[in-house]
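The values are calculated or read from the model by the stated rules, or taken from the named source; none is laboratory data. The shown structure was predicted, so the numbers you read here are calculated from the model rather than taken from an experiment. Using ideal geometry, Cβ is built from the backbone for each residue, glycine included, and neighbour counts are taken over all protein chains shown.
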């Protein structure tokens with residue numbers, strides 16, 4: 001009966017992080033694959049559906065506070081859409097074990113960069 005409490009708490013925490021722009025969807029993906037036993041491709045699809053409303057709800061606050069650079073907005077959106085389409089095609093064709101290893105390597109690289117890069 002209470003098996004929904006942990007997913008609710010994780011969803012709430014990653015929602016707060018998404019609002020801050022931290023990448024709560026990535027953390028949700030880690031939770032789903034490492035702890036909830038969700039298959040990698042399914043977790044990626046859920047992550048995409050999670051990101052859309054979370055990003056849309058956070059966007060007005062970032063626009064209002066001037067955190068959106070309008071000259072780079074449309075080129076970034078275009079490049080992001082193109083690369084998302086190509087990467088999703090590649091991910092569906094790729095072996096799941098390789099996909100998990102690549103994602104894990106990406107998380108390690110980002111984590112090391114955050115640990116050893118000076119702010120500024």
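Observations on the model:
- Residue within the range 55-64 that is closer than 23 Å to residue 103 by Cβ, crowded, with 17+ Cβ neighbours inside 10 Å and in contact (Cβ under 8 Å) with a residue 24 or more places away in the chain present: no
- Any chance residue 26 is within 11 Å of the chain's Cα centre (by Cα), within 17 Å of residue 102 (Cα to Cα) and in contact (Cβ under 8 Å) with a residue 40 or more places away in the chain: yes
- Flag if residue 34 is assigned to a helix (DSSP H, G or I) and either touching a helix residue (DSSP H, G or I) at 6+ places or on another chain (Cβ under 9 Å) or farther than 17 Å from residue 107 by Cα (or both): no
- Meets criteria (surrounded by 12 or more Cβ atoms within 10 Å (Cβ to Cβ) and at positive phi) for residue 23: yes
- So residue 46, is it at negative phi, part of a loop (DSSP other than H, G, I, E, B) and either more than 15 Å from the chain's Cα centre (by Cα) or without any contact (Cβ under 8 Å) to a residue 40 or more places away in the chain (or both): no
- Count of the range 79-120 residues which are surrounded by fewer than 11 Cβ atoms within 10 Å (Cβ to Cβ) and not in a helix (DSSP H, G or I): 5
- Of all residues in the range 55-78, those that are assigned to a helix (DSSP H, G or I) and more than 17 Å from the chain's Cα centre (by Cα) total 12.
- Candidate set from the range 1-16 (those that are surrounded by 12 or more Cβ atoms within 10 Å (Cβ to Cβ), closer than 17 Å to residue 49 by Cβ and under 15 Å from the mean Cα position of the chain (by Cα)); member that is modelled with the highest pLDDT: 10
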